[in-house]
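Here the structure comes first, spelled out in structure tokens, and everything after it is commentary.
Just so it is clear, none of the values below were taken in a lab; they were calculated from the coordinates. These numbers come from a predicted model, not from an experiment. As a convention, Cβ positions derive from the backbone with ideal geometry for all residues, glycine included, and neighbour counts pool all protein chains shown.
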Ligand code: SF4
């Protein structure tokens, strides 16, 4: 099988033409360094992403707190984590980096706050 990818390991953004079969990379064309092959292998066989989304927050100036996973998680868990986050509501104040959910969905990554929000009494959404 063939797949075209863009390596995002550095600003070069090499366009990779990857050939693979039987769970193995056969060839990678277009990579300007050996990290390209590693990127292609991970992206095809074990793709991961940092999940960015929001959770609801009470008593803050805005109703939604931006959150993200502390580490990249398997791409197949992305939508499930977004859905899980949609059902979460926290109370202000929150500091950037606070853990909102530890080991979310057993991914090994925590869901953490991406920004701080002070408490504003009376703000309930
Ligand atoms: S293959 Fe190497 S040079 Fe090209 S984008 Fe990836 S890391 Fe950068």
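Which of the peptides 100-110, 85-95 is most tightly packed, and how do the rest follow, judged by the mean count of other Cβ atoms within 10 Å per residue?
Details: 100-110: 16.7, 85-95: 14.8.
With the highest mean Cβ count within 10 Å placed first, the list reads 100-110, 85-95.
Only counting other Cβ atoms within 10 Å, I'd like 64, 117 sorted with the fewest neighbours first.
Numbers: 64 13, 117 21.
By the 10 Å Cβ count, ascending, the order reads 64, 117.
Running a GNM on the chain with Cα contacts under 10 Å, which residue among 63, 72, 11 ends up with the highest mean-square fluctuation?
Comparing 63, 72, 11 in the GNM, the peak value goes to 11.
Considering only the range 1-117, what is the antiparallel percent among its DSSP beta bridges, to the nearest 5? Let's see the in-between values first.
Details: 23 of 26 bridges.
In the range 1-117, DSSP labels about 90 percent of beta bridges as antiparallel.
Pop the C-beta distance of residue 115 and residue 79 into the FRET formula with R0 = 25 Å and round what comes out to the nearest 0.05. Please report the intermediate quantities before stating the final value.
On the way: r = 23 Å, r/R0 = 0.93.
Efficiency computed from Cβ-Cβ geometry: 0.60.
Round to the nearest 0.05 the FRET efficiency obtained for residue 34 and residue 105 when R0 = 41 Å and r is the Cβ-Cβ distance.
Working: r = 33 Å, r/R0 = 0.81.
Efficiency at R0 = 41 Å is approximately 0.80.
Quick one: Cα centre-to-centre distance for the range 42-58 and the range 1-30, in angstrom?
22
Using the beta-carbon distance between residue 21 and residue 46 and R0 = 22 Å, what value does 1/(1 + (r/R0)^6) give for FRET efficiency, to the nearest 0.05? Numbers along the way, then the final one.
Numbers: r = 17 Å, r/R0 = 0.76.
Efficiency computed from Cβ-Cβ geometry: 0.85.
How long are the semi-axes of the equivalent ellipsoid of the range 1-110, taking √(5λ) for every eigenvalue λ of the Cα gyration tensor, in whole Å from largest down?
Working: eigenvalues 263, 42, 21 Å².
Here the semi-axes work out to 36, 15, 10 Å.
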